[in-house]
Amino acid sequence: MTAMPTVTLAAPTPMAYPVGPMGAMGPMGAMPMAPVPVAFQPTLLVPVAMVMVNVPSPCSTPTSVPSHASSEMVFQGSLSRQSTGDATATTATETIADDVEGAVAGSVWNLSQRHKGCRLVQQALENCGEAERAMLAQELKGHIVEASRSPCGNYVLQKLIQVLRPQSCQFIIHELMEDPEEVCDLARHQYGCRILQRLFENCQAEQMEGIVHMLLNEASTLVCHSYATYVMQQIFDFGTETQRRKLCNVLLASCQLCNDEHATQVLQKALQHAPQQVQLAQSLVQQLPQMAKGRHSHQTVITAMQLLPQEESERAIGLLSQKVNKLWASRYGRLVVKSIPKLYQQCSSMTRREAASA
């Protein structure tokens, strides 16, 4: 390496600064100059060259491993790590489930009446085994009706119905049927209607026969109720053919039901699942123009038009065409017009404002 030349810097001449009582050039003005030596020490930077040196490893001869053997080793290693991780996760989950179950056992009903407590009970029902669920369910015996009406308890009861086997839900059905009027009252209840819906969804039709019988006795009023209408729709979704036929006969017997927005939702289900679909659609023809403007009933009109025979369909189109301008101007009637090509051709070029003023 070539030596760098030496550079010598001369020290500067000492300088004098005026100093007063308050510091340099203070309020006292200039004072006698006192020499203050300032020394500078020069620093010389010398570049250093970086040299890479190859140092042989202690074992310079590589060991060859067949490709299939290396793949197997990697696969086994990944399986080992995965199994260890799965075992750890499973153990943690089981521990949490045991802790939750332990905190809930013996206090299911008390916890079910509180916001945070009902969530804890639902979590326990979701994570514990079948035997543990049955034990927790026993703590709700005698409280089914009260839980059905509870703002918090109804969620616990819904979860219980969803996770139990259908046969294990029989005690819930028995408690609800102890009072003949209780089932219909629950169907009209904001929370109780949810319990009946979950029972329809998760229990066998044979288990629900008694409840369906009670509901059919008051079907003409229940289908018009804001909450009970959802329960009555479940009969068409999950009931037997005989039960669907009986409910459809109730709808056929009362033409005024088509004027109720809640009842028309049941009519829609009947047009989809009832044995007397065509007969029901024919009974609605005269009321279709009025129903076409409703929030729920307009969909019933569209479904009925698809079921009508040719002759009845032409008659219905004639009735709707008399109100086509008003239908085109309305939010839901417009959807009915679009579903019928003959009506759509009459007013497709008009705006809503033009149709309303026509």
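The values are calculated or read from the model by the stated rules, or taken from the named source; none is laboratory data. Note that the coordinates shown come from a computational prediction; the quantities given were computed from them, not determined experimentally. No Cβ is skipped: glycine too gets one built from the backbone with ideal geometry, and neighbour counts run over all protein chains shown.
Which one is surrounded by the fewest Cβ atoms within 10 Å (Cβ to Cβ), of the residues in region 326-347 that are in a helix (DSSP H, G or I) and among the aromatic types (Phe, Trp, Tyr)?
Looking only at region 326-347, we keep the residues that are in a helix (DSSP H, G or I), and these are 326-329, 333-339, 341-347.
Cutting the leftovers down to among the aromatic types (Phe, Trp, Tyr) gives us 328, 344.
Values: Trp328: 24, Tyr344: 15.
That would be Tyr344.
Does region 236-248 contain at least one residue that is within 25 Å of Lys159 (Cβ to Cβ), within 33 Å of the chain's Cα centre (by Cα) and either buried (at least 17 other Cβ atoms within 10 Å of the Cβ) or modelled with pLDDT under 95 (or both)? Full working, then the answer.
Narrowing region 236-248 to residues within 25 Å of Lys159 (Cβ to Cβ): 237-239.
Those left that are additionally within 33 Å of the chain's Cα centre (by Cα): 237-239.
Retained after the next criterion (residues that are either buried (at least 17 other Cβ atoms within 10 Å of the Cβ) or modelled with pLDDT under 95 (or both)): 238-239.
Yes, that holds for at least one residue.
The set of residues from region 239-287 being under 27 Å from Gln207 (Cβ atoms) and outside any helix (DSSP H, G or I) comprises Gly239, Thr240, Ala274, Pro275, Gln276. Of all the residues in region 220-232, those that are out of contact with any His (no Cβ under 6 Å at 6 or more places or on another chain) and crowded, with 22+ Cβ neighbours inside 10 Å number 5.
Could you tell me which residue of region 296-317 is nearest to Lys342 (Cα to Cα), considering only residues that are outside any loop (DSSP other than H, G, I, E, B) and among the aliphatic types (A, V, I, L, M)?
Filtering region 296-317 for residues outside any loop (DSSP other than H, G, I, E, B) gives 297-307, 310-317.
With the extra rule that they be among the aliphatic types (A, V, I, L, M), the set shrinks to 301-302, 304-305, 307, 316-317.
Details: Val301: 15, Ile302: 14, Ala304: 16, Met305: 13, Leu307: 17, Ala316: 12, Ile317: 8 Å.
Checking each candidate, the answer is Ile317.
With respect to the stated conditions, Leu320 fails to be assigned to a helix (DSSP H, G or I), more than 30 Å from Gly239 (Cβ to Cβ), at pLDDT below 90 and over 37 Å from the mean Cα position of the chain (by Cα). For region 204-220, taking the residues that are assigned to a loop (DSSP other than H, G, I, E, B) and free of Cβ contacts under 8 Å to residues at least 40 places away in the same chain, the one that is farthest from the chain's Cα centre (by Cα) is identified as Glu218.
Here is a yes/no grid of residues against (1) touching a Lys or Arg at 6+ places or on another chain (Cβ under 9 Å); (2) buried (at least 19 other Cβ atoms within 10 Å of the Cβ); (3) hydroxyl-bearing (Ser, Thr, Tyr); (4) on the phi > 0 side of the Ramachandran plot:
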site	(1), (2), (3), (4)
Ser107	no, no, yes, no
Asn110	no, no, no, no
Arg119	no, no, no, no
Ala124	yes, yes, no, no
Glu132	no, no, no, no
Met135	no, no, no, no
Lys141	no, no, no, no
Glu146	no, no, no, no
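Among residues of region 123-148 that are free of Cβ contacts under 8 Å to residues at least 60 places away in the same chain and within 15 Å of Arg198 (Cβ to Cβ), those with a Cβ under 9 angstrom from a residue that is buried (at least 20 other Cβ atoms within 10 Å of the Cβ) and of a type in the set (Ser, Thr, Tyr), sequence gap 6+ or separate chain, pair up as Leu140/Ser112; Ala147/Ser112.
Consider region 255-281 and keep the residues that are surrounded by fewer than 19 Cβ atoms within 10 Å (Cβ to Cβ) and within 18 Å of Ser313 (Cα to Cα). The one that is farthest from the chain's Cα centre (by Cα) is Gln279.
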